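Engineer: Can you read through this structure? Questions will come right after.
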Amino acid sequence: MNSGPKPDGLSVLGPALRPRAHETPDREFIRFPHGTAWSFAETLAEAERCAAGLHRLGVAPGDRVLVWLPNGPDILRVWFGANLLGAVYVPVNTAYRGRLLEYVIGNADAAVAVVHADLAPRLSEVRTGPLRRVVILGGEADLPAGLEAIGPDSLDARSPHSEPWPTPSPWDLQSIVYTSGTTGPSKGVLSSYFHLASMALCGRDMVTAEDRRLVNLPLFHAGGMLGVYGMLLKGGSVALVDSF
């Protein structure tokens with residue numbers, strides 16, 4: 001019977017990703033549509049640049065970062081960058097709008113959001129609560145009064161991060177994922193690194209580092225996150241697509 005992972009530091013993103021990037025830097029980790037791919041070393045570099053950019057926007061360890069993006073390189077970069085910084089990844093369903101969107105924005109209590117330009121106009125339809133700064137990716141968009149629009153270059157910091165990267169504990173908060181299929185407003189599920197790692201690995205003894213997993217579920221959903229995180233912990237690879 002699979003007893004599952006132990007709550008050690010390797011369930012945390014940084015300690016899980018860095019050895020892969022240093023020991024097998026050229027090994028492909030994630031493949032996107034149209035043939036583009038990141039190795040483990042490239043994945044770490046993308047995440048570290050994003051983490052440094054979020055830090056310069058005022059995000060600190062323990063802060064929540066609202067992420068409203070479709071599947072693709074950007075959402076992976078922001079997820080991994082936020083966690084490398086010790087911040088909490090709070091993805092938002094790309095179908096949300098109106099009262100449900102307003103509820104999630106207020107409940108998440110994030111001051112910084114990263115939003116795709118195609119989704120940004122919906123922010124004008126709701127109260128945006130604690131949000132103050134919004135990084136717009138994938139084009140240009142107008143924002144309602146009270147929100148500062150930030151360009152995509154802010155998440156591509158090329159100068160070195162001047163401070164040591166934090167190392168969260170396995171039981172620290174990794175993400176808040178909002179449920180689907182419930183009555184009333186979606187519930188924000190608080191997930192630790194160890195929770196995510198346990199769900200990603202338990203019952204998957206047959207998966208090895210030689211395997212590649214197709215991830216077609218969205219990365220605002222636990223199903224998609226588990227596919228990516230499980231293959232990171234296994235040292236395998238992922239094919240990430242928009243949908244099935």
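Engineer: Of 229, 103, 193, which is the most mobile in a GNM of the chain whose springs link Cα atoms less than 10 angstrom apart?
Structural biologist: Maximum among the listed residues: 103.
Engineer: Here's a follow-up. Determine, for each peptide in 139-148, 198-207, the mean count of other beta carbons within 10 angstrom over its residues, then list the peptides with the highest first.
Structural biologist: Taking the mean over residues of other Cβ atoms within 10 Å, the ranking is 198-207, 139-148.
Engineer: I'd like the orientation of helix 13-23 relative to the chain: the angle between its Cα long axis and the longest Cα principal axis, in ° from 0 to 90, rounded to 10.
Structural biologist: 50 degrees
Engineer: So, one more: With everything on Cα atoms, drop me the angle between helix 98-108 and the longest principal axis of the chain, reported from 0 to 90° to the nearest 10.
Structural biologist: 60 degrees
Engineer: If you don't mind, there's one more thing I want to ask. Stick to Cα atoms and the Kirkwood definition of Rh, then tell me Rg/Rh for region 50-192.
Structural biologist: In region 50-192, Rg relative to Rh is 0.95.
Engineer: Taking percent of Cα pairs over 23 Å apart straight from the coordinates, which label in (1) 47; (2) 51; (3) 56 is the correct one?
Structural biologist: Here the calculated entry is (1).
Engineer: Helix 222-234 sits at what angle to the longest principal axis of the chain, using alpha carbons and giving 0 to 90 degrees rounded to 10?
Structural biologist: So the helix axis and the longest Cα principal axis differ by about 40 degrees.
Engineer: Between 116, 221, 22, where does the largest GNM mean-square fluctuation fall for the chain, given springs only between Cα atoms within less than 10 Å?
Structural biologist: 22
Coordinate-derived values only; no laboratory data. These numbers were taken from a predicted model, which means no experiment stands behind them. Virtual Cβ from ideal backbone geometry, glycine too; neighbours counted across all protein chains shown.
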